[in-house]
Amino acid sequence: MAETSLFQSFFLIFSGAAIVASLALFGRQPLLVAYIALGLLLGPSGLAVIDNVQLLAEMSNIGIIFLLFLLGLDMQPQALLSVLRKATFVGLVSCAIFLGLGFAIGQLFGFTNTESWVIGMAMMFSSTIIGIKLLPTTVLHHKHLGEMMVGLLLFQDFVAITCLMILLSGSTGEVDVAQLGLSIAALPLLVFFAWVVVKYLLLPLFTRFDRFHEYVFLLALGWCMGLAELAEILGLSREIGAFIAGITLATSPISQYIALSLKPLRDFFLILFFFSLGAQFKLSMVPEIALPALITAAAVLLVKPVVFRYLLGNQSEHKVLAWDIGFRLGQISEFSLLIAFLAFNQQLIGSGASHLIQATAILTFLVSSYIVVMNFPNPIAIKDELRRD
């Protein structure tokens with residue numbers, strides 16, 4: 001069969017997504033379900049009409065970078081520091097609980113100690129995409145719920161980056177403590193550099209040329225991608241760099257215009273992300289990992305909301321708010337998929353453990369989306385009383 005061109009791939013993905021998204025809305029289903037199902041259908045394990053899945057997966061990661069940039073634009077620095085202080089205790093305790101739970105499940109199903117620890121790592125994190133995409137914009141901007149959610153997700157992002165750095169040094173069997181220390185030390189330097197560039201270069205340029213909307217869009221895009229790449233070079237991650245790029249612009253009067261202009265671009269790449277997630281999954285692995293994946297997914301869906309409810313309740317949060325946050329964070333993360341991919345490439349885990357994490361991600365993404373869409377305020381709710389933009 002002839003290799004599918006990039007244009008043909010885009011045609012199949014976006015025309016197909018338009019059709020299945022329409023069917024999903026008529027059937028009162030979350031759109032994320034449609035995108036993942038389309039990936040399974042068109043990818044190598046389904047009809048195999050799209051063969052450049054790896055390229056699409058790499059492109060789709062740009063959507064996560066834009067998502068973090070837009071998160072930064074929506075957060076005022078003082079509010080962020082305040083909520084991070086409050087989220088640290090909950091984040092530390094919850095990460096420890098989920099790490100132990102994942103390790104226990106890995107041991108139960110006969111995975112090696114290293115594979116069990118990697119499964120535990122993957123269980124520590126919740127999805128930024130699902131958590132924020134299903135959060136009403138008004139809540140994200142103005143409500144304590146949005147601040148607490150972002151604080152917890154950001155804390156998890158810092159932990160995830162530490163885990164990725166540990167895995168990158170794991171091929172030698174030893175953690176590169178020096179490299180880890182340098183990366184952590186680089187974080188405040190990157191923040192200071194970003195603040196200086198925004199204050200003395202970007203803001204004067206925005207002020208002088210704000211009439212040229214194309215230029216504002218281009219400058220914001222260049223700043224986001226440039227700082228993301230610099231963060232990657234310093235041993236952090238592109239996601240952290242993009243978030244810092246956003247938050248240093250958050251106090252600018254033009255920040256909300258930039259956020260609005262970038263949202264369609266973000267959504268374009270996020271559709272690619274969920275499609276590639278479905279397309280990369282090997283259905284031939286299902287018989288081997290079905291039972292472990294079902295039990296792991298059930299543990300995530302049942303335990304995470306309870307843990308967050310209890311921990312946030314002890315932090316003087318209202319009971320209803322604590323349950324709301326708990327269910328919104330009741331899945332594993334895009335970082336979990338990255339951890340599975342990296343650990344497999346480093347030969348720290350086998351194909352079975354990698355696909356267990358992937359299957360758990362897909363199952364928890366789907367079920368958690370259903371739970372939030374059907375029961376909590378969100379932009380794509382089926383019930384009119386729950387729909388909030």
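Each reported figure results from applying straightforward, stated rules to the coordinates on display, with no laboratory input. What you are looking at is a predicted structure, and each value in this text was computed from that prediction instead of being measured. With ideal geometry, Cβ positions are generated from the backbone for all residues, glycine too; neighbour counts draw on all protein chains shown.
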Cα lying deepest toward the dipole's positive end in region 6-386, options Phe274, Tyr215, Ile325, charges on Cβ: Ile325
Percentage relative contact order, the chain, counting C-alpha pairs under 8 Å, at least six apart: 29 percent
Simple spin-label estimate for Leu218 and Leu81 in nanometres, 7 Å along Cα-Cβ: 3.6 nm
Computed E for Thr114/Phe89 - FRET, C-beta separation, R0 22 angstrom, nearest 0.05: 0.15
Gaussian network model of the chain, Cα within-10 Å springs - most flexible of Gly43, Gly102, Gly226: Gly226
At R0 = 56 Å, FRET efficiency that the Cβ-Cβ distance of Asn314 and Ser5 yields, to 0.05: 0.50
Potential lengthening between Arg211 and Asp51 on full extension [0.36 nm per residue; Cα-Cα distance subtracted]: 53.3 nm
FRET E, pair Tyr200, Glu58, Förster distance 41 Å, beta-carbon r, rounded to 0.05: 0.75
Net dipole in debye of the chain [+1 Lys, Arg Cβ; -1 Asp, Glu Cβ; about Cα centre; nearest 20]: 940 debye
Extreme residue, positive dipole direction of the chain, given options Leu70, Ala104, Ala353 (C-beta unit charges): Leu70
Theoretical ellipticity at 222 nm over the chain - DSSP helices of four or more residues, -39500 (n - 2.57) apiece, nearest 500: -25500 deg cm²/dmol
Spin-label model distance (nm) - Ser22 vs Ala290, 7 Å beyond Cα toward Cβ: 3.4 nm
Most fluctuating residue given options Leu321, Leu363, Leu40, as computed from a GNM of the chain linking Cα atoms under 10 Å: Leu321
